[in-house]
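K.L.:
Submitted below is the structure of interest, expressed as structure tokens.
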Amino acid sequence: MSVPSGRMPARGAPAVVLLSGGLDSATVLALAAEAGYRCHALSLDYGQRHRAELLAAQRVAQALGAVRHEVVQLDLARFGGSSLTDPSLSVPTDGLQPGIPSTYVPARNTVMLSLALSWAEALGGGDLFYGANAVDYSGYPDCRPEYVEAFERMANLATRAGVEGHAIRLHAPIIRMSKAEIIREGLRLGVDFSLTVSCYQADAQGRACGQCASCRIRAAGFASAQVADPTRYRPA
Ligand code: ZN
């Protein structure tokens, strides 16, 4: 799956791509680059448990030819409310459970998309890329297609670009793909998944725990795609 037809910009148009350091957003960056956008990668240093994913984002942005990579610091750990930002809460390691897990960070993706929108409008571009996935995921409300549509609508109401008829488009090209499909798509585009870090509690070297939901979904994706898993795991 590529960028939806009928929504293609002129080649060389700027786009802002949210980049977390994980494999989904790396694949989305590669898709945006393939579609001909000049990709501006945006990561958020929001007080997550480890720096490894931000270092991964930096490597991925460079490897996939982003023209610029910004890491915005905005400390959501001051609010807490998530096991990814509050060290007194532990990250669940017992597999996917019903309900929205404690690894949900209150409104984080809306904060990130709002920053991406600001940057895109400042660049004179109207294209945002978001690696949301509503198939192999943890049930986060801001990864659903309804959310993507609602944010795009809001973005067109909220900006000068939108009001003056320069439509803002929020692309979520992998939202309906399985993790295995995302992995195959990434490989087709030359994404080096060994550069990415998906684990919620990776160590300082970026080695994964193998137990958290993100590690489990990622490992199952490589197994299902029948592709060797390049993830580095820390010793048990
Ligand atoms: Zn993990």
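The values are calculated or read from the model by the stated rules, or taken from the named source; none is laboratory data. Keep in mind that this is a model prediction, so the values were computed, not measured. Note: ideal-geometry Cβ built from the backbone for every residue, glycine included; neighbour counts use all protein chains shown.
K.L.:
Which pairs have Cβ atoms under 8 Å, sit 6 or more apart or on different chains, and link a residue in the range 19-36 that is in contact (Cβ under 8 Å) with a residue 40 or more places away in the chain and within 15 Å of Thr231 (Cβ to Cβ) to one that is of a type in the set (Ser, Thr, Tyr) and assigned to a helix (DSSP H, G or I)?
P.N.:
Gly22/Ser214
K.L.:
Still on this model: Please verify whether the range 82-90 includes one or more residues that are surrounded by fewer than 20 Cβ atoms within 10 Å (Cβ to Cβ), assigned to a helix (DSSP H, G or I) and not hydroxyl-bearing (Ser, Thr, Tyr).
P.N.:
The answer is no, given that none of the residues of the range 82-90 is surrounded by fewer than 20 Cβ atoms within 10 Å (Cβ to Cβ), assigned to a helix (DSSP H, G or I) and not hydroxyl-bearing (Ser, Thr, Tyr).
K.L.:
Does the range 128-160 hold any residues that are of a type outside the set (A, V, I, L, M), outside any loop (DSSP other than H, G, I, E, B) and modelled with pLDDT of 95 or more, and which are they?
P.N.:
Hits for the range 128-160 are Phe129, Pro145, Glu146, Tyr147, Glu149, Phe151, Glu152, Arg153, Asn156, Arg160.
K.L.:
Can you tell me which residues in the range 135-158 are of a type in the set (Phe, Trp, Tyr), buried (at least 18 other Cβ atoms within 10 Å of the Cβ) and in contact (Cβ under 8 Å) with a residue 40 or more places away in the chain?
P.N.:
Scanning the range 135-158 gives Tyr140, Phe151.
K.L.:
Also, quick follow-up: Are there any pairs with C-beta distances below 8 angstrom linking a residue in the range 43-67 that is at positive phi to a residue that is among the hydroxyl-bearing types (Ser, Thr, Tyr) and in a loop (DSSP other than H, G, I, E, B), with the two at least 6 apart or on different chains, and if so which?
P.N.:
Gly47/Thr85
K.L.:
If only one of Ala132, Ala208 is under 17 Å from the mean Cα position of the chain (by Cα), under 26 Å from His50 (Cα atoms) and buried (at least 19 other Cβ atoms within 10 Å of the Cβ), which one is it?
P.N.:
Step by step, each of Ala132, Ala208 is checked, and only Ala132 is under 17 Å from the mean Cα position of the chain (by Cα), under 26 Å from His50 (Cα atoms) and buried (at least 19 other Cβ atoms within 10 Å of the Cβ).
K.L.:
Take the range 193-209 and flag every residue that is within 6 Å of the ligand (Cβ to nearest atom) and either in contact (Cβ under 8 Å) with a residue 60 or more places away in the chain or assigned to a loop (DSSP other than H, G, I, E, B) (or both).
P.N.:
Those that are within 6 Å of the ligand (Cβ to nearest atom) and either in contact (Cβ under 8 Å) with a residue 60 or more places away in the chain or assigned to a loop (DSSP other than H, G, I, E, B) (or both): Cys199, Tyr200, Gln201, Cys209.
K.L.:
For residues that are in contact (Cβ under 8 Å) with a residue 60 or more places away in the chain, in contact with a Phe, Trp or Tyr (Cβ under 7 Å, 6 or more places away or on another chain) and more than 16 Å from the ligand (Cβ to nearest atom), scanning just the range 83-118, find the one that is nearest to His40 (Cα to Cα).
P.N.:
Once the filter is applied, the top-ranked residue is Leu113.
K.L.:
Here is a further query. If you take the residues in the range 91-108 that are out of contact with any Pro (no Cβ under 9 Å at 6 or more places or on another chain) and not aliphatic (A, V, I, L, M), which one is surrounded by the most Cβ atoms within 10 Å (Cβ to Cβ)?
P.N.:
The residue in question is Arg108.
K.L.:
Take Ala61 and tell me if it is modelled with pLDDT of 95 or more, surrounded by 20 or more Cβ atoms within 10 Å (Cβ to Cβ), part of a helix (DSSP H, G or I) and out of contact with any Asp or Glu (no Cβ under 9 Å at 6 or more places or on another chain).
P.N.:
Criteria met by Ala61.
K.L.:
Where residues in the range 210-221 are free of Cβ contacts under 8 Å to residues at least 40 places away in the same chain and not in a loop (DSSP other than H, G, I, E, B), which of them is nearest to the ligand (Cβ to nearest atom)?
P.N.:
Per the stated criteria, the residue is Cys215.
K.L.:
Being at pLDDT 95 or above, out of contact with any Lys or Arg (no Cβ under 9 Å at 6 or more places or on another chain) and part of a strand (DSSP E or B), is that true of even one residue in the range 22-29?
P.N.:
Taking every residue of the range 22-29 in turn, none turns out to be at pLDDT 95 or above, out of contact with any Lys or Arg (no Cβ under 9 Å at 6 or more places or on another chain) and part of a strand (DSSP E or B).
K.L.:
Okay, moving on. What's the number of the condition Pro230 fails, among (1) in contact (Cβ under 8 Å) with a residue 60 or more places away in the chain; (2) within 16 Å of the ligand (Cβ to nearest atom); (3) assigned to a loop (DSSP other than H, G, I, E, B)?
P.N.:
Here Pro230 meets the rest and fails (1).
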